[in-house]
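Colleague: There's a structure below that I have some questions on.
Values quoted throughout were computed directly from the atomic coordinates according to the rules given, and no laboratory measurement underlies them. Given the structure is predicted, the values throughout are model-derived calculations rather than measurements. Here the Cβ positions follow ideal geometry from the backbone for every residue, glycine too, while neighbour counts run over all protein chains shown.
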C-alpha cells in the first residue's frame, strides 16, 4: 500500500457522520426541498462525510497498487510516433520507458488541448491547426515528413490504438435496442471502422522498427473475413516478426481495474518482442481510494440529490443502482472498467467504495494509472471521455519497456 494510505483511510472512517445524523440531514432536505449540497455545506460537511449502511468498522489492508508517479522516467531518446493519441495514455507509458514521442496525431480538438497542456513543446498534428485525420493519407504524410524527414524505414516505434467504439459491446449498448447502433458495426462503421487499416497503411509505408496496435478484445469478433490477418501478412512480407495477438487484462499488470485489451506487436529487430509477464494475481482498487486527494486537479464531484444518496447508501460492495446505472466498487478486487460515456455525458459508471457518490475524473484517472500531475482539460463530461478512452499508462509503460529491450 502506498505510504500513508492506510492512515488516510482511517481518517476517512473517523470523519464519517453517524447513520442517525445522515438520516436527519436527508429527511430535512426532502421536507424543505433543499439541495443536499447546500445542507452539507451549512454543516461544514461534504459528500465524503456520508456513509453506506454497511460501512466497515475497521481498515482492511489490501495489496499495494503500482503507481506510475513512483517510477523514474528511463533515460533515452528512442523516437516514437503516436497515432490516435487521445489524452495520452500510450504516450505517457512510452515516455516513462525512455521513448521520445516526436509527434502525436489526434483528430479530437478537446484531446489535442489536453496533449498540448501537458506537453507544450511537443508536436501535435490535429485541430485547430489541421484535421489530424489519418484517413487523409496525403495530408498527414506531408506533415509527418516535414517533421521526421522522408527517409525510410523509420528507425523508431509507431504506437496507436484506433477508436474502439465500432468493436466495443459497452459503447454500443448505450443506444436503444431498436437503434442500428445497438449492435456493433465493426469494420462497417462509416466513420471509424476502417481506421485500423489506415494506420497499417502508414506502418507499411514508413516501416518503423517496431509497431504496437491496441484495441478492445471484441475486435476479433468483428473480423469474420480475416481482414486483419491479411494486412498483417503483408507486413510480414516486409520483414516483420509479428507475435500472435494477445488479449490481456490490465488488472494482471498492476492496473487496479479490469480492462481487457487486444494487443499486437510487430518488429524488424530480428526476433519477436517478449510480452511482459502478467502478475499471478489481479490488483485490487482499494489503494486507489485510500490515497490523499488534497491538492490534485480534476477532482470535482457531482452534487447528488438526497433521493440519490438514499438509494446509493443501501448498496453493498459490487451492487448496482439500477435507476442511476451505477455500481458501488468493491475495494477488495479491481474496479470495473472505466468507461468514456456518451456524447452528452461523462463516464460516471462507478460509485466510490467508501462514500455514496460517483467518483471524480481524478479518481477515474487513478484507476487508469495516470500520474496525478497529468491534467485533463475541457468540460467535466469530456474529461471523463478522455480518461475512459485511454490506454492505462502503467500497462503501456510495461509493454514499452519490453519493446525497448528488444531494440
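Colleague: So what is the relative contact order of the stretch 249-295, in percent, for Cα pairs below 8 Å that sit 6 or more residues apart?
Modeller: Rounded, it is 42 percent for the stretch 249-295.
Colleague: Can you give the alpha-carbon Rg of the stretch 228-310 over 2.2 N^0.38 Å, where N counts its residues?
Modeller: 1.75
Colleague: I've got another one for you. What is the stretch 209-271 by shape, rounded, prolate or oblate, if you read a ≥ b ≥ c off the alpha carbon gyration tensor as root eigenvalues and call it rounded for a/c under 1.5, prolate for a/b larger than b/c, and oblate otherwise?
Modeller: Judged from the Cα gyration tensor, the stretch 209-271 comes out oblate (a/c at least 1.5, b/c at or above a/b).
Colleague: Taking neighbour Cβ counts within 10 Å as the exposure measure, how do 358, 280 sort from fewest upward?
Modeller: By the 10 Å Cβ count, ascending, the order reads 280, 358.
Colleague: Report, please, the projected area of the stretch 297-343 averaged over directions, based on the convex hull of its C-alpha atoms, in nm².
Modeller: Approximately 4.6 nm², given one-decimal rounding.
Colleague: Efficiency by 1/(1 + (r/R0)^6): what FRET value for residue 275 and residue 233, r their Cβ-Cβ distance, R0 = 22 Å, to the nearest 0.05?
Modeller: 0.60
Colleague: Output the 0 to 90 degree angle, nearest 10, between the alpha-carbon long axis of helix 195-206 and the longest principal axis computed from the alpha carbons of the chain.
Modeller: Tilt of helix 195-206: around 40 degrees.
Colleague: If you don't mind, there's one more thing I want to ask. Given a cut-off of 15 Å, what percent of all Cα-Cα pairs of the stretch 85-171 lie beyond it?
Modeller: More than 15 Å apart: 62 percent of the Cα pairs in the stretch 85-171.
Colleague: Give me the percent of DSSP beta bridges within the chain that run antiparallel, rounded to the nearest 5. Before the final figure, lay out the partial values.
Modeller: Values: 16 of 36 bridges.
About 45 percent, rounded to the nearest 5.
Colleague: Semi-axes of the stretch 327-407's equivalent ellipsoid from the Cα gyration tensor, sqrt of 5 times each eigenvalue, largest first, rounded to whole Å?
Modeller: Semi-axes (√(5λ), whole Å): 25, 16, 10.
Colleague: Debye sum, Cα scatterers, the stretch 266-312, no solvent: what log₁₀ I/I(0) at q = 0.15, 0.28 1/Å?
Modeller: -0.77, -1.06
Colleague: Here's a follow-up. Kirkwood hydrodynamic radius (Cα pairs, Å) of the chain?
Modeller: Kirkwood radius, the chain: 22.5 Å.
Colleague: Also: Assuming 0.36 nm per residue, please report the length gained on full extension of the stretch residue 221 to residue 320 beyond their Cα-Cα distance.
Modeller: Net length gain for the segment: 32.8 nm.
Colleague: Pairs of alpha-carbon atoms within less than 8 angstrom and 6+ residues apart define the contacts here; what relative contact order does the chain have, in percent?
Modeller: Once normalised by length, the contact order is 21 percent.
Colleague: Can I ask one more? Summarise the long-distance tail of P(r) for the stretch 275-365 by giving the % of C-alpha pairs beyond 19 Å.
Modeller: So the portion of pairs separated by more than 19 Å is 43 percent.
Colleague: Also, quick follow-up: Taking 7 Å along the Cα-to-C-beta vector as the label spot, tell me the residue 39-residue 19 distance in nanometres, rounded to one decimal.
Modeller: 1.8 nm
Colleague: Still on this structure: Counting other beta carbons within 10 Å of each residue's own, what order do 366, 291 fall into, fewest first?
Modeller: On the way: 366 30, 291 20.
In increasing order of surrounding Cβ atoms, one gets 291, 366.
Colleague: Let me ask another. Relative to the longest principal Cα axis of the chain, at what angle does helix 5-14 sit, 0 to 90 degrees, rounded to 10?
Modeller: So the inclination is approximately 30 degrees.
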